[in-house]
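Worksheet for the structure shown next.
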Amino acid sequence: MTRVDDFRLRLGKHELVPIMIGGMGVDISTADLALEAARLGGVGHISDAMINTVTDRRYKTKFVKEKLALYKHNTDSDDKSSVKFDLGQLAEATRLHVENTMARKRGAGMVFINCMEKLTMNAPKETLKVRLATALDAGIDGITLAAGLHLGSFGLIEDHPRFRDAKLGIIVSSVRALQLFLKKNARSNRLPDYVVVEGPLAGGHLGFGMDWAQYDLATIVKEVLLFLQNEKLNIPVIPAGGIFTGGDATEFLQMGGAAVQVATRFTVTKECGLPDEIKQEYFRASEDDIEVNQVSPTGYPMRMIKSSPGIGDGIKPNCEAYGYILDANGKCAYIASWNREKAAHPDLRNPPVWDKTCLCTHMRNFEIWTCGHLTYKLKDTTHRDANGNYQLLSAEHVFKDYQFSVGNTIALPELVLGEVMA
């Protein structure tokens, strides 16, 4: 029977195992996870979500502390328009994360960075340009443009010496979004090197409304493939979202997909950045525990485990320390919701806020448990001990299960006593 290893992803001169691990933030897709994908011949992502926070954690910088000290006088103000990121520090944070990752790279695969347009940071164009250009300067193999249409992103880096050398891709959830991107960027005479088509079963922010269940990945992929064929555009298409087995992946490769992007099964690997106790929450989740809600202040629906501690938590906005979602006018939907609840409950220090969440704080603290729709199947991929805890997997095991499995079988890892959490 056909399996994923019977196919190859071709990106320029590179011939790769057609498996791409998605870029989960904040630091959930760690350098270790991305590097394992590259070592095994595929593509791994790091994420630049809250990059200053990540480098503080990984490389002992103090960017968040310094930003908070600079704007501490503003913490009680509703007006966050003055709260800006230091572009030099932002560049340094990006450089540290990318350079340290690329210095450790081994194998024939590639490491990309996932760059979210919706991290507007109170200066959308300025901060995005620094993130993109510095990642290229630091030697990243490629950039995946995520969380938005990125209609102006190519323009921000078209003068960069690596603009035509590095691999640049876009995530879309409809053929219409791809058409808009291609039309807007036609003047650059530079097509994307790949297109990730993300369906409604993906984790985190979705490119759909609350009617997401009316869509399916296979139909969208077919529409994109047909459009590219009719336009005579040879752009690799990479389906993503809800691809849980090697058999699922093979179906999309046989359909014409160049590779698949997967993430959910890697959330419970040792290399993933989630704390181990939270990985157990992912294993334990049932289908009823997973919801798509609108608590994200970005305006996008978001899929998560509904027992996430950050849902309903009324923590005071931390824009002076973080502020990654402040728009160009210094606004964030959570600030408005928190101020409303604070005015209604002045006696409470942190009144519950249910309609929005302080995404910066809670993603930083791993208190919003974003997940793919099929997270409830993770319990079937490993061993469980008498106390109900699950053995963590290695990224290599999951990668190779996708690569070599036949049909929808899932290979359990070798049972290692003492590795199941006590």
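The values are calculated or read from the model by the stated rules, or taken from the named source; none is laboratory data. Please read these numbers as outputs of a predicted model, since none were measured by experiment. Virtual Cβ from ideal backbone geometry, glycine too; neighbours counted across all protein chains shown. Keep in mind that these areas ignore ligands, DNA and RNA; they rest on the heavy atoms of the full protein, side chains included. Shrake-Rupley method; radii C 1.70, N 1.55, O 1.52, S 1.80 Å.
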Computed, not fitted: 222 nm per-residue ellipticity of the chain from DSSP H runs ≥ 4 (each -39500 (n - 2.57)), nearest 500, equal to -9500 deg cm²/dmol
Quickly work out the residue 223-to-residue 66 label distance, labels modelled 7 Å from Cα along the C-beta direction, and quote it in nm with one decimal. 4.6
May I ask you to derive the relative contact order of the chain, considering only C-alpha pairs under 8 Å and at least 6 residues apart, and to give it as an integer percent? 20
For residue 412, what is the net charge nearby, where nearby means another residue's Cβ is under 12 Å from its Cβ and Lys, Arg count +1, Asp, Glu -1? -1
Could you give the distance between the Cα centres of the range 143-159 and the range 323-371, to the whole Å? 28
Cβ-based net charge around residue 43, under 10 Å, with every Lys or Arg adding one and every Asp or Glu removing one: 0
Surpassing 18 Å at the alpha-carbon level, of the pairs 67/125; 356/377; 316/356; 62/331; 80/331, are 67/125; 356/377; 62/331
When Lys and Arg each count +1 and Asp and Glu each count -1, what net charge do the other residues less than 10 Å away from residue 57, Cβ to Cβ, add up to? +1
At what distance in angstrom do the alpha carbon centres of the range 249-304 and the range 1-44 lie from each other? 16
Violating pairs (Cα-Cα greater than 26 angstrom) within the set 84/129; 65/167; 72/306; 222/379: 65/167; 72/306; 222/379
Might you work out the accessible area of residue 6 for me, using a 1.4 Å probe with all protein chains in place, and round it to the nearest 10 Å²? 100
Can you compute 3J(HN,Hα) from phi for each residue in the range 384-394, using the Karplus curve 6.51 cos²θ - 1.76 cosθ + 1.60 with θ = phi - 60°, rounded to whole Hz and x for Gly and Pro? 10, 8, 5, 8, x, 9, 10, 6, 5, 9, 9
